[in-house]
Amino acid sequence: MAKLVAPDKGVSGVDVDLANGKKRSYDIAKDGTITVDNPRDAAQLKREGFFEAAGASFGHVEGYPCVGCGFDSVFKAYDCPKCGVKNDHRG
Ligand SMILES: [Zn+2]
């Protein structure tokens with residue numbers, strides 16, 4: 001089970017495309033997170049910009065701050081969902 005954080009707090013739900021052509025809808029909680037049981041769904045959501053919440057200590061993310069706006073990501077390399085800057089902290 002994964003707890004994911006929406007890249008955009010303005011959205012209230014998201015659809016995941018299933019292999020059979022259907023969609024599964026997830027509601028986004030008021031705190032901007034969604035809980036996903038299906039690892040495949042979680043993987044797709046991550047590709048769409050969602051990122052994993054750091055458990056109970058979400059207020060303090062041990063992440064990789066965006067070089068453009070300071071947004072904390074758990075990924076080393078990512079396109080910032082807030083300002084669009086490409087970050088690569090791998091080097
Ligand atoms: Zn940014």
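Summary table
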quantity	calculated
In region 59-74, residue nearest to the ligand (Cβ to nearest atom) [restricted to those that are surrounded by fewer than 14 Cβ atoms within 10 Å (Cβ to Cβ) and at pLDDT below 85]	ASP72
Filter result (within 16 Å of ASP15 (Cβ to Cβ) and assigned to a helix (DSSP H, G or I)) within region 29-45	ARG40, ASP41, ALA42, ALA43, GLN44, LEU45
Flag if LEU45 is buried (at least 17 other Cβ atoms within 10 Å of the Cβ), hydrophobic (A, V, I, L, M, F, W, C) and touching a helix residue (DSSP H, G or I) at 6+ places or on another chain (Cβ under 8 Å)	no
Near pairs, Cβ below 6 angstrom, 6+ apart or cross-chain, from region 63-88 (in contact (Cβ under 8 Å) with a residue 60 or more places away in the chain and outside the structural domain of GLY32 (by TED's automatic domain parsing)) to any residue that is within 8 Å of the ligand (Cβ to nearest atom) and assigned to a loop (DSSP other than H, G, I, E, B)	LYS82/CYS69; LYS82/PHE71
Tally of residues being among the acidic types (Asp, Glu) and over 11 Å from GLY49 (Cα atoms) across region 71-88	2
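The values are calculated or read from the model by the stated rules, or taken from the named source; none is laboratory data. Predicted model only: the values in this text are computed from it and were never measured. Positions of Cβ are generated from backbone atoms using ideal geometry, with glycine treated the same way; all protein chains shown enter the neighbour counts.
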